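Step one of this worksheet: look at the structure below.
The values are calculated or read from the model by the stated rules, or taken from the named source; none is laboratory data. Everything numeric here is computed off the predicted structure, so don't read it as measured data. Here the Cβ positions follow ideal geometry from the backbone for every residue, glycine too, while neighbour counts run over all protein chains shown. Ligands, DNA and RNA are stripped out before the accessible areas are found, and what is left, the full protein with its side chains, is counted by its heavy atoms. Shrake-Rupley method; radii C 1.70, N 1.55, O 1.52, S 1.80 Å.
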Amino acid sequence: MSSNALPRRRLPSLGALVAAPYTVRALTAIVRNPLEALPPEIYREPMVASRMAGTPRIYLADPVLIHEALVKNADALDKGEEVRRALGPALGKGLLTADGAHWKWQRQSVAHAFRHEKLLALQPAMIAAAKDTGQRWRAQGTTTVDIGHEMMRTTFDIIVETMMTGGAGIDVGRVEQGITDYLKPSGWTFALSILGAPDWIPYPGRRKASAAVAFLRSSLHAIIADRRQGADQRQDLVAMLLAAADPETGRTMTDEEIVDNLMTFITAGHETTALGLAWTFHLLALHPAIETRVLKEIATVTGGQAVAAEHVAKLAFTRQVFSEAMRLYPPAPIITRTAIRDFVLREHSIAAGTIIYVPIHAVHHHTALWDNPEAFDPDRFAPEASTARHRYAYMPFGAGPRVCIGNAFAVMEAVAMLAVLLSAFKVSAASASPPQPIMKVTLRPKQSLVMRVEDRHGSSSCIPRARRLVREE
Ligand code: HEM
């Protein structure tokens, strides 16, 4: 694997960079699938500059430049209009979409919930939710499942259980449908925002998306009203948000602001991990030798017992598999920022108003950063290989002060779910045609990922059978 940043000699001057013309074709590609609208050069070059609808746009794939932009010059950037238009109606000015001081005090208010010792205490809930999914598959006698849907359901149960202490009966099916309906026309919101079209312009799917948001937000308002009234002692994220006070002004959050954050945590906190897991199952089904190594690790670490909290941190290879799946299919494939003041990025002057894209998908598939980038090879994430790589050549969780707050939560959850479900079920491909990734803010399979699940152990305990399978293979 090539180790560090892209060779500096390959960095051309801004003037010499590709000037992709603003075309109707580019906009239709954005509506269809924003990944297809990325300049193809960004999968080979360190940086591409373009201008669309009169606005300068810069795509960064060089880890050194990404570090300079997202970390060193973080205070020169905000989330910008495209993000606000795509996500603002659902997430308001919650942690993901807020900027400046409003972002900072929200982040400080919830940071405590994501400390390592707090997360460790959540592992049993993660394992229990995965076991429930296994029970459901068994009870339904299911042979084929939509693995994306199954993972959404499980990670939803986990986020609601761990952050909202059970969530007081939110309807998971409606929430999942609501999020899908909301994200479906996201290509339109990006395209219209690029064109500078007014907010009220109609587009296909808009009405359904608005109804979905109204339903999701009203469910959360009801929960907050309930919690404000009751003498509830639960110490979860809702309690933290209710108690949060801005250190500068002392003001607390309004119900709208709490809903902004609950919407943020529920959506950002389950959909991304679920997609990462769905892609992982897909890849494992295509690579039985890797699956065998995972099963072997699980059997060794658990000693043939049921997966428990103390096993999760020891499942190093399983974690490598999830990392590699997120390299190939990063659940959040593009990060967007807007420069709020002029700044210098290496030798390039970036003017206020420039839009900066960090196309994580392109960074993770970059021909100068990865050997054989399209190959599924979890050994890239073996400890010795990881040290040879620039830190920002791999960034599924972003970088800098806006890095994903749920990063460690997500990895812990994914490893726990993989261990529980893989040791109990053989998950194999049910369709011969490879799934096509499509960006709807997150990276989804275009068609449902239907997979066959077979109980490895029939009706009795699965673990001894899983161990036997490992030995047989
Ligand atoms: C595999 C799973 C996940 C992936 C790939 C992922 C990815 C990301 C990325 C790339 C960002 C940065 C966006 C940017 O810079 O514009 C982000 C931010 C965020 N994520 Fe995650 N995420 C995951 C899981 C989670 C979980 C489990 C939670 C909560 C429990 C969460 C909550 C958030 C929040 C609140 C932010 C905004 C942070 C801020 O701006 O301060 N994410 N995530």
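Once the other residues with Cβ under 14 Å from the Cβ of Val321 are scored (Lys, Arg +1; Asp, Glu -1), what is the net sum? Around Val321, the charge tally is 0.
Convex hull of alpha carbon positions in the stretch 232-386: directionally averaged projected area 15.0 nm². From the square roots a ≥ b ≥ c of the eigenvalues of the alpha-carbon gyration tensor of the stretch 170-292, which class results: rounded (a/c under 1.5), prolate (a/b over b/c), or oblate? Oblate, since a/c reaches 1.5 and b/c is not below a/b. Taking the accessible area of the chain, probe 1.4 Å, and keeping the other protein chains in place, the carbon and sulfur fraction comes to 55%. Once the convex hull of all Cα atoms in the stretch 305-347 is built, its volume per residue stands at 175 Å³.
Using C-alpha pairs below 8 Å separated by at least 6 residues, the relative contact order for the chain is 26 percent. Figure note: Arg293, Arg136 ranked by solvent-accessible area, largest first, 1.4 Å probe, ligands and nucleic acids not counted: Arg293, Arg136. For Lys440, the lysines whose Cα comes closer than 16 Å to its Cα, not counting residues fewer than 8 places off in the same chain, are Lys184, Lys208. Look at the Cα gyration tensor of the stretch 162-228: its axes a ≥ b ≥ c give a/c of at least 1.5 with a/b over b/c, and that counts as prolate. With no solvent and one equal point scatterer placed on each C-alpha of the chain, evaluate the Debye formula and give log10 I(q)/I(0) for q = 0.09, 0.11, 0.12 Å⁻¹, two decimals. Treating every Cα as an identical point scatterer, log10 I(q)/I(0) equals -0.62, -0.94, -1.12. Where the alpha-carbon atoms of the stretch 241-323 are placed on the principal axes, they occupy 56, 27, 21 Å, in descending order.
Given q = 0.11, 0.24 Å⁻¹, what are the Debye log10 I(q)/I(0) values for the stretch 73-149, with equal point scatterers placed on the Cα positions and solvent ignored? With no solvent term, the Cα-only Debye profile gives -0.57, -1.03. Working ranking of peptides 253-262, 428-437, 238-247 by packing, defined as the average number of other Cβ atoms within 10 Å per residue, highest first, is 253-262, 238-247, 428-437.
His311: net charge of surrounding residues, Cβ under 13 Å, Lys/Arg +1, Asp/Glu -1, itself excluded? After counting each charged neighbour, the total is 0. Within the same chain, aspartates and glutamates fewer than 8 places from Lys446 are excluded, and of the rest, those with a Cα less than 20 Å from its Cα are Glu36, Asp146, Glu150, Glu176, Asp181, Glu271, Glu374. For Gln436, what charge total do you get from the other residues with a beta carbon under 14 Å from its beta carbon, if Lys and Arg give +1 and Asp and Glu give -1? Summing Lys/Arg as +1 and Asp/Glu as -1 gives +3. Here the spin labels are modelled as points 7 Å beyond Cα on the Cα-Cβ line, and at Arg251 and Gln108 they lie 1.6 nm apart. The relative contact order of the stretch 277-392, computed from alpha carbon pairs under 8 Å that lie at least 6 residues apart in sequence, is 23 percent.
The helix-only estimate of mean residue ellipticity at 222 nm for the chain, built from DSSP H runs of length n ≥ 4 each weighted as -39500 (n - 2.57), is -15000 deg cm²/dmol after division by the residue total.
Dividing the mean sequence gap of close Cα pairs (under 8 Å, 6+ apart) by how many residues the stretch 226-327 holds gives a relative contact order of 21 percent.
Between Thr55 and Ala308, the contour length at 0.36 nm per residue exceeds the alpha carbon distance by 85.8 nm. Within the stretch 285-363, the percentage of alpha carbon pairs spaced more than 18 angstrom apart rounds to 62%. For the stretch 109-166, the spread of Cα coordinates along the three principal axes comes to 43, 18, 17 Å, biggest extent given first. Ligands, DNA and RNA aside, Leu96 has an accessible area near 70 Å² when probed at 1.4 Å.
The calculated P(r) of the stretch 311-460, using every Cα pair and 5 Å bins from 0, goes 2, 8, 13, 17, 19, 16, 11, 6, 4, 2, 1, 0, 0, 0 in percent. Compute the Cα gyration tensor for the stretch 59-212, then decide on rounded, prolate or oblate, letting a ≥ b ≥ c be the square roots of its eigenvalues: rounded whenever a/c is under 1.5, prolate when a/b is larger than b/c in the other cases, and oblate in all that remain. Judged from the Cα gyration tensor, the stretch 59-212 comes out oblate (a/c at least 1.5, b/c at or above a/b).
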